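Below is one structure, written out as structure tokens, with a few remarks after it.
The values are calculated or read from the model by the stated rules, or taken from the named source; none is laboratory data. These numbers come from a predicted model, not from an experiment. Cβ coordinates were reconstructed from backbone atoms using ideal geometry, including for glycine residues, and neighbour counts include every protein chain displayed. Calculation scope for accessible area: heavy atoms of the full protein, side chains included, ligands and nucleic acids excluded. Shrake-Rupley method; radii C 1.70, N 1.55, O 1.52, S 1.80 Å.
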Amino acid sequence: MRWEDREQSDNVEDRRNSSGGGGRRGMPSMSTMMFLWPVIQRLLKTKFGWAIIGVGAVLYFSGFNPLSSFTGGASTPVNQKADDKQAAFIATVLKDTEEVWKEIFKKHGAVYREPNMVLYRGSTKSGCGHASAQMGPFYCPADEKVYIDLGFFDELSQKHNASGDFAQAYVLAHEIGHHIQNMEGTLSKVQQMKQQARGQKGENQLQVRVELQADCYAGVWAHHAHKRFNILEQGDVEEALRAASAIGDDTLQKQAQGYVVPDAFTHGSSEQRIEWFRRGIKSGDIRTCNTGI
């Protein structure tokens, strides 16, 4: 994907300094300091103890968490240069989504409201509650922010064999799709429909329709972004399709438990996710993204 030396979005909250896990770090939390204070007190009484504290501080601010054995935090060091490049990339993609959706909304006589994107590693707070790496990327309608743990992209590549910058762009574009749904009133409408649904199966079916529409919106974005910025290179679309397939409910269920339970789907099968992304990128028309919600 062509993205370097292009404008980045200003709507980015970089919390990698303060979130848990790898990456750049701020000071340890007060609860951690209280827990370790008895140990620190003993170390301060000897020169050897002072040396241990010094080495620990250097490691901590270099990206490795020596406190992880006490707190259960991640201890994987992060290549800061690569991490910053990835942050710059995803901020560039966000800018592309802003420009594309601003134009689409304008054509439909509406004004696009730009969401913020929160970058973090490990954990952070959101308007929808605690955010952790285990949750994956998500959109919070309460504060209109997209939350991206950059570690998810490592997992997407290493665990799900869906590497590539456009695979990452697809993930962000999908979450922006939820923001579009929020602005359209679709998310609140579906919440009301879920309250009237019969059981968990009915709620899941509604959620699948929401997710597939977001996939289609991601395709619509890609269609217009390429026309406007010439972003796509050979193999990019295939990267997005591999990512869509890799995070389909049937694929994830097979990996986790060896069998598939369609009634438990919440995002759609791999085939469905591929189909709806293709529909959007082929047409570039949001009217083709009607999933029945």
May I ask you to list the residues in the range 263-293 that are without any contact (Cβ under 8 Å) to a residue 40 or more places away in the chain, outside any loop (DSSP other than H, G, I, E, B) and crowded, with 19+ Cβ neighbours inside 10 Å? SER270, ILE274
List every residue pair whose Cβ atoms lie under 7 Å apart, where the two residues are 6 or more positions apart in sequence or sit on different chains, the first residue falls within the range 125-143 and is within 26 Å of ALA167 (Cα to Cα), and the second residue, located anywhere, is open to solvent by 60 Å² or more (accessible area, probe 1.4 Å). CYS128/ALA142; ALA131/LYS125; CYS140/CYS128
Pick out, from the range 198-259, the helices (runs of 4 or more DSSP H) lying fully within it that include 3 or more residues that are buried (at least 20 other Cβ atoms within 10 Å of the Cβ) and of a type outside the set (Asp, Glu). 199-229, 236-246
Among (1) touching a helix residue (DSSP H, G or I) at 6+ places or on another chain (Cβ under 8 Å); (2) at pLDDT 95 or above - the single one LYS227 does not satisfy: (1)
Test GLY164 against the stated conditions and say whether it is modelled with pLDDT under 95 and touching a Gly at 6+ places or on another chain (Cβ under 8 Å). yes
Failed condition for LYS189, given (1) part of a helix (DSSP H, G or I); (2) free of Cβ contacts under 8 Å to residues at least 60 places away in the same chain: (2)
Just to be sure, is GLU144 farther than 15 Å from ILE281 by Cα and in contact with a strand residue (DSSP E or B) (Cβ under 9 Å, 6 or more places away or on another chain)? yes
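Yes/no per residue for (1) without any contact (Cβ under 8 Å) to a residue 24 or more places away in the chain; (2) among the aromatic types (Phe, Trp, Tyr); (3) under 25 Å from PHE166 (Cα atoms):
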residue	(1), (2), (3)
LYS194	yes, no, no
ARG198	yes, no, no
CYS216	no, no, yes
HIS223	no, no, yes
GLN234	yes, no, yes
ALA246	no, no, yes
ASP250	yes, no, yes
GLN257	yes, no, no
VAL261	yes, no, no
Would you mind stating whether LYS95 is basic (Lys, Arg), touching a residue at least 40 places away in the same chain (Cβ under 8 Å) and within 22 Å of ASP165 (Cα to Cα)? yes
Residues of the range 86-103 satisfying the condition of being open to solvent by 20 Å² or more (accessible area, probe 1.4 Å) and in contact with a helix residue (DSSP H, G or I) (Cβ under 8 Å, 6 or more places away or on another chain): GLN86, GLU99, GLU103
